[in-house]
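Visitor: So that we are looking at the same thing, I have put the structure below in structure tokens.
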Amino acid sequence: MMENSFYEKDRTNNIQELEDTIKNLRDLKFTLDQAAIVSITDAKGAIIYMNDLFCEISQYKREELMGKNHRLLNSGYHPKEYFKEMWKQISSGLTWEGEVRNLKKDGSIYWVQATIVPFMDEKGKPYKYISIRKEITKQKQLEEEIFHLAYHDPLTNLPNRRMFMNQLRSEIIERNNSKSNLSILFIDLDNFKFINDKWGHDAGDLVIKEAANRIKEALRQTDMVARLGGDEFIVMLKDVQEDDDIIHYVKQILAKFQKPISTYGQEYSLTCSLGIATYPENGDSAEQLITNADNALYHVKGRGKNDFAFYNNKMKVQSLERSLLENALRSAIKNNQFYLEYQPKQNIATKELFGMEALVRWNHPELGIIPPGKFIPLSEETGLIVPMGEWILRESCRQTKSWQKQGFPELIISVNVSVRQLEDSNFIDLVMEILKETELDPKYLELEVTESIFADVKNAASILQELRSMGIKISVDDFGTGYSSLSYIKHLPIDILKVDGSFIQDIHSNDESKAIVKAIITLANAIGLKVVAEGIELEEHVDELKNGGCLLGQGFYFSKPMKSEAFEDYLKINIA
Ligand code: C2E
Ligand code: CA
Ligand code: CA
């Protein structure tokens, strides 16, 4: 009896256990059905079971799916090898996991993350597969958005540099040095910075967008246009056989820019410059091609913009020279290879001296004396002008004070200052420090800036105002060649206009130059600015200027720039 009841108990336990197990399995299935798309197929892949979610998401009725293969849902997105690999794995008994893009009955797509588990018979052959899939369409869309963000420029929606480089690299791999039918156009908008700074970033953005549209309009659907940043664009032209084909598209781009761009009721006339490099002649890597297209562009900018140039080997020499020059410039600062020359500024009528302009020279140990036109632009581009300019300012102030201490007349020293220096947040402090250190009274210091600072430097006016409140004079150099209109100059914190030498050179023979100089003098008198004429070379220049009422000037007619010793001699003679 004892034993019997023992077995009785055991049996009830077993039944209970079985019931628990079944309940658990049912609950498990319920939970799974809530969360996942479940299907079972036979060894050949024909669907023999699916849950409701499968039908719901795929939009197919159960009877439409039963007995069918999953190929019914194929969106054609994945390459054949993708599923081949999957079948290889599951038929050998291994679980497969992967993402699949499927098609709903209505043709729209959905993404699933799938896990397929094979079930094997005693012979080690699969007899069914159970797949569990989770819909990940939202996540995939998010991924695509992120991909888009990572590979596109948000302003123009064009591909960005990263995308362009990837594409270019794969085009290069495909071609593998075969005869080129691939060209790179490096495009830069001319004078864009001016629009951006004068009319604001919103206007700048609209102009960039419009420029992007125009470039695209000029090309074919198959040509890739990307924005590198700022006002730089890059184009990949495929299937262009001859230079003439390339020129055809380049000219179409230039032509698209003929029409002024109008936004906010403003009209901007905008041109662009292009540099061209072709594969494999001008480079066999993506980086090299872009660098050389940029070199060609640089060449166009140098000779006057709104044009294009093909890269050639001469430019390679130039860019090599550039980097050699840059290195030499760096060591020149360290090795004190710079010195200053001083050009007298005087009253044209009385010849009385009132100041001098400091002009920098570079005494290169092998190349000899290099004029500033050869190295100032590069030092501005590289930022080397900042330490160099500091030295120039300090040396100018020191020398001027030293002449004053020696009893020479108290003259005003004019120092040229580049935009890049004024952009430096330290500039005001630096000037103050140098004046204190050299003990030069600020009223003897004049800073010459070019008109471009009003386009380039934010708060140019407030920086200049601050300098003026210290007692320093500000003059606008090369006046008449830049952007500022005469009426615009009225509102700027300046003291002097230096009429550009190019107007003085032919003032005696060209009525237009004469009229321009006349207008500048009239305006300056009306608003209380002084006018200094530069580049005076001839007696006729002096006569014209005197007639026009310009009394201050400098130029070879009076004296060339001189080293400090020679300038001292000049001072001595002048006093006498
Ligand atoms: P700039 O400021 O317009 O300087 C006047 C230039 O005209 C000087 O050339 C001067 O030597 C030259 N010049 C003077 N009188 C005559 C003349 O009668 N006829 C002709 N044809 N030329 C005359 P330089 O010294 O070669 O300087 C060229 C430019 O380099 C300067 O033009 C200025 O923009 C820049 N530069 C020179 N020194 C400095 C400097 O210390 N700092 C900065 N940032 N730029 C400088
Ligand atoms: Ca100057
Ligand atoms: Ca000048």
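The values are calculated or read from the model by the stated rules, or taken from the named source; none is laboratory data. Computed from a predicted model, the values in this text were never measured in an experiment. Every residue, glycine among them, receives a Cβ derived from its backbone with ideal geometry; neighbour counts consider all protein chains shown.
Visitor: Could you list, in sequence order, all residues of the stretch 108-130 that are assigned to a strand (DSSP E or B), within 43 Å of the chain's Cα centre (by Cα) and polar (S, T, N, Q)?
Guide: Selection gives Gln113 alone.
Visitor: Testing Leu529 on (1) hydrophobic (A, V, I, L, M, F, W, C); (2) closer than 20 Å to Leu411 by Cα; (3) free of Cβ contacts under 8 Å to residues at least 24 places away in the same chain, one condition comes back false. Which one is that?
Guide: Among (1) hydrophobic (A, V, I, L, M, F, W, C); (2) closer than 20 Å to Leu411 by Cα; (3) free of Cβ contacts under 8 Å to residues at least 24 places away in the same chain, Leu529 violates only (3).
Visitor: Also: Taking the stretch 525-549 as the search range and keeping residues that are within 14 Å of Phe479 (Cβ to Cβ) and modelled with pLDDT under 95, which one is surrounded by the most Cβ atoms within 10 Å (Cβ to Cβ)?
Guide: Leu529
Visitor: For the stretch 413-451, how many residues are within 16 Å of ligand 3 (Cβ to nearest atom) and either under 18 Å from Arg398 (Cβ atoms) or out of contact with any Asp or Glu (no Cβ under 9 Å at 6 or more places or on another chain) (or both)?
Guide: 7
Visitor: Right, something else. Search the stretch 342-369 for residues being small (Gly, Ala, Ser) and more than 16 Å from ligand 3 (Cβ to nearest atom), and hand back the single one that is surrounded by the fewest Cβ atoms within 10 Å (Cβ to Cβ).
Guide: In the first step, residues of the stretch 342-369 are kept if they are small (Gly, Ala, Ser); the result is 349, 355, 358, 368.
Those still in the list that are more than 16 Å from ligand 3 (Cβ to nearest atom) too: 349, 368.
Values: Ala349: 12, Gly368: 8.
Here the residue is Gly368.
Visitor: Moving on. Exactly one condition in (1) more than 14 Å from ligand 1 (Cβ to nearest atom); (2) within 36 Å of the chain's Cα centre (by Cα); (3) surrounded by fewer than 19 Cβ atoms within 10 Å (Cβ to Cβ) is not met by Ala460; state its number.
Guide: Of everything listed in (1) more than 14 Å from ligand 1 (Cβ to nearest atom); (2) within 36 Å of the chain's Cα centre (by Cα); (3) surrounded by fewer than 19 Cβ atoms within 10 Å (Cβ to Cβ), Ala460 misses just condition (3).
Residue-wise test of (1) within 16 Å of ligand 2 (Cβ to nearest atom); (2) over 17 Å from Thr450 (Cα atoms).
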residue: Ile489; (1), (2): no, no
residue: Asp495; (1), (2): yes, no
residue: Lys498; (1), (2): yes, no
residue: Gly501; (1), (2): yes, no
residue: Lys514; (1), (2): no, yes
residue: Val532; (1), (2): yes, no
residue: Leu538; (1), (2): no, yes
residue: Val542; (1), (2): no, yes
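Visitor: Within the stretch 418-532, which helices (runs of 4 or more DSSP H) (wholly inside it) include 3 or more residues that are over 27 Å from Pro387 (Cβ atoms)?
Guide: In the stretch 418-532, 486-489, 501-505, 511-527 are the helices (runs of 4 or more DSSP H) which contain 3 or more residues that are over 27 Å from Pro387 (Cβ atoms).
Visitor: Looking at (1) at pLDDT 95 or above; (2) away from ligand 1 (no atom under 13 Å from the Cβ); (3) over 30 Å from the mean Cα position of the chain (by Cα), which is the only condition Gln346 fails?
Guide: (2)
Visitor: On the given criteria, is Ala328 part of a helix (DSSP H, G or I) and over 25 Å from the mean Cα position of the chain (by Cα)?
Guide: yes
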